[in-house]
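Report on the following structure.
The values are calculated or read from the model by the stated rules, or taken from the named source; none is laboratory data. None of these values were measured; they are calculated from a predicted model. Counting neighbours? That spans all protein chains shown, and the Cβs are built from the backbone with ideal geometry, glycine included. Each accessible area value is taken on the protein alone, full model and side chains, heavy atoms only, with ligands, DNA and RNA left out. Shrake-Rupley method; radii C 1.70, N 1.55, O 1.52, S 1.80 Å.
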Amino acid sequence: MSSQIASTPSPDQTPERTDRTGPETHWSEDADFQWRAATELLIALGVPRSTARLTRDLRTSIAHLEEVDARLPRDGKPLPEADRLTRNNAVDDVARAILPLAHATLERIRAQELRTEVVGVDYDALCDAVEQLEATYRAGWWRAAEREGADFFLREVEALDRLNVPPIRATWRDAGRIVSVLRKMPDSTLRRVARTSNPMALRLKVLFGLQAGYRDGLFDKTISIPRLIHTRTSEYRSEYRAGSAA
């Protein structure tokens, strides 16, 4: 049964476009492939398809929020009403996609008995952080006209940086549980990323990868997004204070 599932193309799968005159773009540099693979992974994990497909909305909404932020003035003054509403609407679009995805993914990680600690992330703390972020969003006080309202909201996200814990060494069982999920993805996706879809080869590759990351300290700071947010928020605070002082 599992081999049949692994070889069945995903309904969302579309043929990859390759340049026949040159080498194929590496998957790590192919954003379209990465987002499609993320959707396929969520479906393989057991996230309902209707929820997993929210990755499309998430990609679009994140790009839109970045465009909105890039156009906003950074003079430390309160945003004009129209700009504030535009930004709030953009944040709403991101939240409507990312919160259901986060909850569904965490639920399936627990159901599949996957240990996030093998990559240096505390599962319970991750659940708490998502709940905290959603509570902050639902409270709505970040919608305040003052620019600091958005700043405080981002500080909530920065709390994710506390999720990192000393990683634990992955076992053969950990690798097996991960591979049982991966094998439900389309073979073409696995072969492009891992160069194989063979169950034993894939399990060995996952195990060696996790153990190498543990040995080399690659999982000491797994969650990089909060660090990026921290950097950008720190830059924003500096600009805000400079503008306010002027």
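The residues of the range 176-195 that are open to solvent by less than 30 Å² (accessible area, probe 1.4 Å) and either modelled with pLDDT under 90 or over 21 Å from residue 28 (Cβ atoms) (or both) amount to a single one, 176.
All conditions but one from (1) within 30 Å of residue 181 (Cα to Cα); (2) in a helix (DSSP H, G or I); (3) out of contact with any Asp or Glu (no Cβ under 9 Å at 6 or more places or on another chain); (4) in contact (Cβ under 8 Å) with a residue 12 or more places away in the chain apply to residue 40; the one that does not is (3). Within the range 210-232, is even one residue open to solvent by 30 Å² or more (accessible area, probe 1.4 Å) and modelled with pLDDT of 90 or more? Yes, the range 210-232 contains a residue that is open to solvent by 30 Å² or more (accessible area, probe 1.4 Å) and modelled with pLDDT of 90 or more.
For (1) surrounded by fewer than 18 Cβ atoms within 10 Å (Cβ to Cβ); (2) out of contact with any Pro (no Cβ under 9 Å at 6 or more places or on another chain), each residue gets a yes or a no:
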{"residue": "89", "(1), (2)": "yes, yes"}
{"residue": "92", "(1), (2)": "yes, yes"}
{"residue": "98", "(1), (2)": "no, yes"}
{"residue": "101", "(1), (2)": "no, yes"}
{"residue": "104", "(1), (2)": "no, no"}
{"residue": "107", "(1), (2)": "yes, yes"}
{"residue": "110", "(1), (2)": "yes, yes"}
{"residue": "122", "(1), (2)": "yes, yes"}
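Yes or no: the range 20-35 includes at least one residue that is touching a helix residue (DSSP H, G or I) at 6+ places or on another chain (Cβ under 6 Å), modelled with pLDDT under 85 and either open to solvent by 50 Å² or more (accessible area, probe 1.4 Å) or of a type in the set (Lys, Arg) (or both). No, that holds for no residue.
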